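Input: a single structure, listed below in structure tokens.
The values are calculated or read from the model by the stated rules, or taken from the named source; none is laboratory data. This structure is a prediction, so every number in the text was calculated from the model and none was measured. Methodologically, a virtual Cβ is constructed for each residue, glycine included, from the backbone with ideal geometry; neighbour enumeration extends over all protein chains shown.
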Amino acid sequence: MQNKIKIITLLLILMLIVGCWDVSEIDRTRFPTYITFDQKADDVYRFSTKIPVLKEEAPEDVSNFRFSGPSFYSGFKDLQPRVMGKISLALLRIAIFSEAVAQEGLKPHLDTFLRDPVIPGSTLFAITPGRADEIIDIEVAPTNDIGEYLELLFNGGTDDLILLETTLNDFFISLLTTGVDPIIPLLKYGTDDMEVKGAGIFQNDRMVGQLSEKEVRALTLVKEKGLKGEIEIKVEDEIVNYYIQNNRAKIEPSSKDGRLKFQIELTLDVDIDEDTNFRRLIDSPSTIERLEEELNSNLKREIYLLFDTLQELKSDPIGLGQITRAKRFDLFDPDEWRQDFSRAEIEVDINSRIRRLGIAT
Amino acid sequence: MWDKIKDFFKSNNFINRLDLEAEEKVSSNLEANIDYLKDNLAPSSDLVFRSFHIGQKKEIDAEIIYFNELINADILQKEVLRSLMFDLELDCSNRTIKKEINDTLINSTIPIGELETTQSLTKALEQLLSGDVILFIEGIPKTFILGIKELEKREVQTPQIEAVTRGPQESFIEPLSTNISLIRRRIKDNNLMIDIKQIGERTKTDLAIIYIDDIVDQDIIKKVRDRLESIEIDGVLEIGYINQSFRDNWASPFPQFQTTERPDKALANLLEGKVVLLLDGSPFASIMPTTFIQFLQSPEDYYDHFYIASLLRLFRVAATFITISLPAIYISLVSFHHELLPRELALSLATAREGVPFPSVLEAFIMEISLEFLREAGIRLPGPIGQTIGIVGGLILGEAAVDAGLVSPPMVIVVALTAIASFVIPSYSATIPLRLLRFSMMLLAAVFSTYGLMIGWLLILIHLCSLESLGVPYFAPFAPIKLTDLKDSFIKFPLKFMGKRPESTPTQQKKRQPDKE
């Protein structure tokens, strides 16, 4: 009996000690909100980050850190002794890669991201054309925390059509799924502001080219469903602002003369937010029809231009390969997909319908 | 091992037992009867032996014995002694005197309702101890038991623990007779059975077993009687003694029987085929068998619209979860799993905890224990002071602790929310095990974080599923699943859909109302 009591007591004490192994009190933990990745120099990659300072009486709100290493984790490990408290990537908001790093391939840098379960799957990705570590010096007006600023920049945007969002989860899903390539938004910065402008397109984990804002808009209209956002078009030298209330895209793969053909049908419900030609506010069927036709032809042109770029760069961020595999498995050859995609015939049909012209008082 | 512990307690006479004495018969000799009582009763200043002569000719000796603090002296003097001493006319030469006295006393002399006779001295002694007056008459081998007891009691008051905004505002009080009347006047059913037994070798406390004979399952009644028979105890001071002796699982922290101070709740359970026990001297009724979900049900659920009742039920379920888990969740998130917190909240918590010298688990234990102190202090202190202590403790002490940097503001919010949630649960007896489990969960969370929480909840659910109350599954209607009973569980259906009695408790009549032809 005494032995049993001893064993139970020891187990209880051991149980309490177990808790101490993993414990990491939140106030003793430091949370970087963003990390930048820059190209190799002297055989090491360069990284930078900002860590919020929790003490209210501290002279600075955030601490800036630059660190380097042959890989992300090596550099991150070296950063730990320089920081008061245990660094945790649990609250990471955004990872920004320089264009050079993206062109080299993101897989080596993202291995830690895939392995560490505390890194949120909602962490945003962005590519910047210049040096990523210069972002640390940008002083944006609302906050010193660039991570918070960037997250709000992405999530708070009203124009969903050009503001592409790619998270860690999205990136890995695209990377590991046959028949779809990743796409990451491009982040451009000045001295005191930043802007999301266009996107980088990939073949597997390597960036192979860029899309303009209009191309991104065309891509999101074809790829996503239920979008909302503004489209501005010049009609007879007057500006018309359409507001997309809803979109539905139907993509049908088929084969024609030995090559793939994609029939893309896009249906849009739109409002008119602005028309500088005042007369068009009059609710006449012919005017509405005209505005619908203008929108259709403009968008059709943009989508064809988008496919010209994608087919030239042999990158498929829309996931046409995935659609072909699902709908016409006989036409999908995973080994020859990029070649097949680049030669595919694209036919676009847009059917927009103006729902509201605005309320005149 | 537990059997050994039980044997150990039994063998050491932790429960006092009285040896049952052989039943004595009343003698025709008055002196012999009086001697028997004097031998078996400890000399007590409130015990009165009053000798007198019966009849106007004063030829027959009699003795009346009572405890003067337990009886109505006015009735004794005016209606009993006066009648016997002055009003009774007897012809002592008549051979049929014994029969005449017997009949006359019962039929025409003593004008009181509760009058019975017995030949057993043992029973006479018991009745004397219960507060009845006993009368011996020379030459008659019988005792007259006069029920003129008058006990001090308080008025029927509003329920203190199970207060409701809508519904009857009466609660049980200590005397059994009043409590029985509170039930009986609500139900005019000839099948209502009230069976009174005495329990406690020394206290011989009256215990009423109440049920509706054509609804209740006879197996349940048998179990109740068997368990009552098996109770060996010297005194029963409160219905809790019975509940503890009755438990199917004595080690479980969960109450296996409901206690209520509300007559309407007791009656509602009687109509569902349950048994209600009332103990003299206890203002609480015990309801058995019971299921866990009943602790989350309030009488006003049945008086209000079903939308409101269902919403309140869901709140109570949430409150149960919060009462057990919230501090543990806080500990596991703050000490281990920061990634599960929204970013803004995590940074806000980290900032708030900056400077607190204790780890979150210690902080939580300090606050929870302080709260339990406050709760206990509030109960012990008189009403107004108790409230003051609550305010002083809750507001001032909490704020001072935050200002001093001993605890973080979020911890105060967590503890306050937990305390408030525990008061949402209608049954006070059900909140006590939840408070106990909260500490276990906090410890599990501090050691194993969210895994600990999951393990804790699994253990609780396994335990609840394995419990029984008088053979009825405690976690019904969820385990075993009883689909028809789910309409009165987390949500409450309208009354029109509740034509059948709950299946969880076996009953003789499944339907509340027979079909109309």
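Structure values in brief
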quantity: Residue check for B:LEU105: at pLDDT below 85 and outside the structural domain of B:GLU59 (by TED's automatic domain parsing); calculated: no
quantity: Given (1) in a strand (DSSP E or B); (2) within 14 Å of another protein chain (Cβ to nearest Cβ), number of the condition A:ARG46 does not satisfy; calculated: (2)
quantity: The range B:427-447, residues that are out of contact with any strand residue (DSSP E or B) (no Cβ under 6 Å at 6 or more places or on another chain) and within 10 Å of B:PHE295 (Cβ to Cβ); calculated: B:SER427, B:TYR428, B:ALA430, B:THR431, B:PRO433, B:LEU434
quantity: Tabulated pairs, the range A:64-88, first within 27 Å of B:LEU333 (Cβ to Cβ), second charged (D, E, K, R) and crowded, with 18+ Cβ neighbours inside 10 Å, C-beta under 8 angstrom, 6+ apart or interchain; calculated: A:PHE65/A:LYS50; A:VAL83/A:ARG30; A:MET84/A:ARG30; A:GLY85/A:ARG30; A:LYS86/A:ARG30; A:ILE87/A:ARG30; A:SER88/A:ARG30; A:SER88/B:GLU339
quantity: Output for the range B:488-512, where each listed residue is over 21 Å from B:ILE215 (Cα atoms) and among the charged types (D, E, K, R); calculated: B:LYS492
quantity: Failed condition for A:VAL53, given (1) within 14 Å of chain B (Cβ to nearest Cβ); (2) free of Cβ contacts under 8 Å to residues at least 12 places away in the same chain; (3) under 26 Å from A:GLU165 (Cβ atoms); calculated: (3)
quantity: Qualifying positions in the range B:349-376 - in a helix (DSSP H, G or I), under 20 Å from B:ALA328 (Cβ atoms) and either within 10 Å of another protein chain (Cβ to nearest Cβ) or among the acidic types (Asp, Glu) (or both); calculated: B:LEU349, B:ALA350, B:ALA352, B:ARG353, B:SER360, B:VAL361, B:GLU363, B:GLU368, B:GLU372
quantity: From the options B:LEU437, B:LEU362, B:LEU395, residue that is surrounded by 19 or more Cβ atoms within 10 Å (Cβ to Cβ) and of a type outside the set (Ser, Thr, Tyr); calculated: B:LEU437
quantity: Residue match in the range A:65-81 (condition: at negative phi and within 11 Å of another protein chain (Cβ to nearest Cβ)); calculated: no
quantity: Residues that are away from chain B (no Cβ under 14 Å), under 22 Å from A:SER74 (Cβ atoms), without any contact (Cβ under 8 Å) to a residue 60 or more places away in the chain and part of a loop (DSSP other than H, G, I, E, B), drawn from the range A:89-130; calculated: none
quantity: Members of the range B:38-67 found to be on the phi < 0 side of the Ramachandran plot, loosely packed, with under 13 Cβ neighbours inside 10 Å and part of a loop (DSSP other than H, G, I, E, B), listed by number; calculated: B:ALA42, B:PRO43, B:SER44, B:SER45, B:ASP46, B:GLN56, B:LYS57
quantity: Pairs where the first residue, in the range B:345-367, is among the hydrophobic types (A, V, I, L, M, F, W, C) and the second is crowded, with 16+ Cβ neighbours inside 10 Å and not in a helix (DSSP H, G or I), C-beta under 6 Å, 6+ apart; calculated: B:ALA350/A:LEU54; B:ALA352/B:SER408; B:VAL356/B:SER408; B:MET367/B:VAL407
